[in-house]
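Worksheet: one structure, shown below.
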Ligand code: DON
């Protein structure tokens, strides 16, 4: 077990080593608001299960968490319908890019897992049942604030608007699944919730804290009761390991060996079960749409701290 001082000096050193690498990769540009991101940013935060937070670089600058929000939406949907969720969405790696439509044609509109966009839209559809879109957006935001113990977390309206105007592939996915009947609510309502959950903005410190319940076997330091059961935390971590980096999940397991979820804005949340929750942010992406330098930083942390589930 590393001391706090050792964790701080480790992330400072890894940050320093990574700065010269900034400039490789490409910032996502299919949502105009995301294209404005500065590729030279790099933030790292580590929240340990005892409640301490260590940070370095641009760890206190907010960014929209994008697909990392799928972890929180999944947790809420499991809380709402339990294992019935698995009748609506699979739990196998897709082996396709995050926004792919090809598998839906062969598998009758049932997405492979809850982390590809199609699967996340089904999760949103599940959360919408019995609620207005505004209530569902509010529930997701409240849940994130609750687990992070931070009521200042908010949605970036410019990002939500930008994606509403330009989210052509998500619109196609939702319409395609609606044709199969696997999306049950009007497409515009499902997309409205999904685009707003993706636009939840956090900095690395807030994001690391929001993942602590998955590092703590369902428990967080500021709450007496657990957020989810130990079994549910373990299963969410398993899905993050196998599907959290899309068709880069195998390579990420090989290099880092931690459950994780990436977002197209360059954030990655990684979980060290029993030890810590790590958030990194660097906007330039690799070919799979995951942060290039963020992945490198996590590989360094996992290797140098000996933090891996393998
Ligand atoms: O669905 C989208 O296009 C985005 N709002 C989120 C995608 C995303 O973050 C993919 N991850 N790398």
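Legend: Rg and Dmax of segment 1-160, from Cα coordinates, 18.6, 53 Å. First measure r as the distance between the Cβ atoms of residue 12 and residue 179, then evaluate 1/(1 + (r/R0)^6) with R0 = 35 Å and state the FRET efficiency to the nearest 0.05. With R0 = 35 Å, the Cβ-Cβ based efficiency is 0.10. Once you divide the Cα radius of gyration of segment 19-81 by 2.2 N^0.38 Å, the number left is 1.46.
Considering only 111, 186, 273, the Gaussian network model of the chain with Cα springs below 10 Å gives its largest mean-square fluctuation to 186. In terms of other Cβ atoms within 10 Å, 84, 106, 26, 185 run from fewest to most in the order 106, 84, 26, 185. Once the mean of 1/r is taken over each pair of separate Cα atoms and inverted, segment 153-246 shows a Kirkwood hydrodynamic radius of 15.7 Å. Compute the acute angle (0 to 90°) between the alpha-carbon long axis of helix 230-243 and the principal axis of greatest extent of the alpha-carbon atoms of the chain; round to the nearest 10°. Between the helix axis and the principal axis of the chain, the angle is about 90 degrees. Extents of segment 115-165, largest first, come to 29, 26, 23 Å (Cα atoms, principal axes, whole angstrom).
Which angle from 0 to 90°, rounded to the nearest 10, does the C-alpha axis of helix 4-18 make with the longest principal axis of the chain? Helix 4-18 sits roughly 70 degrees off the main axis of the chain. Across q = 0.10 Å⁻¹, the chain modelled as identical point scatterers on its alpha-carbon atoms has Debye log10 I(q)/I(0) values of -0.48, in the order of the q list. If you fit an axis through the alpha-carbon atoms of helix 133-148 and take the longest principal axis of the Cα set of the chain, what angle between them do you get, 0 to 90°, nearest 10? Around 20 degrees separate the two axes.
Converting the Cα gyration tensor eigenvalues of segment 212-310 into ellipsoid dimensions via √(5λ) gives semi-axes, longest first, of 23, 13, 13 Å. Ranked for footprinting exposure by Cβ neighbours inside 10 Å, fewest first, 295, 48, 152 give 152, 48, 295.
Counting neighbouring Cβ atoms within 10 Å and putting the fewest first, the residues 168, 194, 246, 30 line up as 168, 30, 246, 194. Over the residues of the chain, the helix contribution to mean residue ellipticity at 222 nm works out to -14000 deg cm²/dmol, using -39500 (n - 2.57) for each DSSP H run of at least 4. In segment 82-221, the inverse of the mean reciprocal separation of distinct Cα atoms equals 15.8 Å; this is its Kirkwood hydrodynamic radius.
Throughout, read-outs are computed from the coordinates displayed, never taken from laboratory work. Since this is a predicted model, take the numbers as computed values, not measurements. Every residue, glycine among them, receives a Cβ derived from its backbone with ideal geometry; neighbour counts consider all protein chains shown.
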